[in-house]
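Peer 1: Below is one structure. I have some questions about it.
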Amino acid sequence: MLKLKNIHTYYGNIQALKGIDLEISEGEIISLIGANGAGKSTTLMTTCGIVPAKQGSVKFKGQDITHMPSDEIVKLGICQVPEGRRIFPYLTVAENLDMGAFLRNDNDKIKKDFEYVYSLFPILAERKNQAGGTLSGGEQQMLAISRALMSRPKVLLLDEPSLGLAPIIVKQIFSIIKKINKEQKTTIFIVEQNANLALKAAHRGYVMETGMITMTDTGENLLANEDVKKAYLGI
Ligand code: ATP
């Protein structure tokens, strides 16, 4: 469904990605793990056109999207939940969700999707008239994921969904991510420092170091890999 081939991405003279190859099939959950500064976020931003690759190609269902503007990429069904959530703090929860459905006009289905995200995260239903900025970090992450779901994405890109959240909330969010993948058949690409949870949730994973992919396997095999255990799981 998504294919990154020999991706090289730069910030000015700094080369952040040095020839990345990565594939995601329809219906998969893929996790990309790695240390701080390895290039995980850049991989996501290159996929969705925010920081385009200088060399290599990104293909979505065979279509070359490497240099497509990011708003066009969103219209194809690739939606990013950025690191740090970035919800609209002065809009209510319901208005934030409405913004996610901005490109749609199928009002009946939008209504059903409101019900669906409220069933995933009942706390958002309770807080639907509250300003987004008054929510806790975990609730804001729930809102950011829900807002992305309101666009009915085919691929959901999640950048560090666990960042700054309490372990119990992180667990809850990962279990909902798996549920979305199962129920909505949404393909999911997660970039995470919490390697343990990310690999447990994933069908397959990639390990990244200093701008390069150094390992790829099933989530299960990576969790059992001695190098991964030492470097990323603290075992
Ligand atoms: P983190 O988990 O800390 O977000 P990451 O694995 O997502 O790390 P990236 O944020 O993709 O890593 O960063 C990859 C490299 O690119 C790093 O060396 C980083 O310093 C550099 N970099 C990232 N953003 C910029 C920027 N806006 N300008 C210059 N260099 C950048």
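The values are calculated or read from the model by the stated rules, or taken from the named source; none is laboratory data. The model shown is predicted, which means the values in this text are computed figures rather than measured ones. Cβ placement follows ideal geometry from the backbone for every residue including glycine, while neighbour counts extend to all protein chains displayed. Accessible surface areas use protein heavy atoms only, side chains included; no ligands, DNA or RNA. Shrake-Rupley method; radii C 1.70, N 1.55, O 1.52, S 1.80 Å.
Peer 1: Take the residue pairs 75/154; 111/178; 112/185; 154/178 and return only those whose Cα atoms are more than 19 Å apart. Mind showing how you got there, number by number?
Peer 2: On the way: 75/154 10 Å; 111/178 23 Å; 112/185 17 Å; 154/178 15 Å.
Check vs 19 Å cut-off fails for 111/178.
Peer 1: Now for a different question. Under the classification rounded if a/c is under 1.5, otherwise prolate if a/b is larger than b/c and oblate if not, where does the stretch 35-87 fall, given a ≥ b ≥ c as square roots of the Cα gyration tensor eigenvalues?
Peer 2: Oblate shape, in that a/c is at least 1.5 and b/c is the bigger or equal ratio.
Peer 1: Provide the net charge surrounding residue 74, with neighbours chosen by a C-beta distance below 14 Å and charges set as Lys +1, Arg +1, Asp -1, Glu -1. Before the final figure, lay out the partial values.
Peer 2: Values: positive: 75, 104, 147, 152, 154; negative: 71, 72.
Result for the local shell: +3.
Peer 1: Could you state the accessible area per residue of the stretch 120-235 in Å², with a 1.4 Å probe and every protein chain left in place?
Peer 2: Accessible surface, normalised per residue, equals 45 Å².
Peer 1: Something else now. State whether the stretch 1-105 is rounded, prolate or oblate according to the following rule on the C-alpha gyration tensor (a ≥ b ≥ c being the square roots of its eigenvalues): a/c under 1.5 gives rounded; otherwise a/b larger than b/c gives prolate, and the remaining case gives oblate.
Peer 2: Prolate, since a/c reaches 1.5 and a/b exceeds b/c.
Peer 1: Then there is this: Just the number, please: percent antiparallel of the DSSP beta bridges in the chain, rounded to the nearest 5.
Peer 2: Taking every DSSP beta bridge within the chain, about 55 percent pair in antiparallel fashion.
Peer 1: With both bridge residues required to lie in the stretch 92-220, what share of the DSSP beta bridges run antiparallel, to the nearest 5%?
Peer 2: 60
Peer 1: How large, in percent, is the carbon and sulfur part of the accessible surface of the chain at a probe radius of 1.4 Å?
Peer 2: 51
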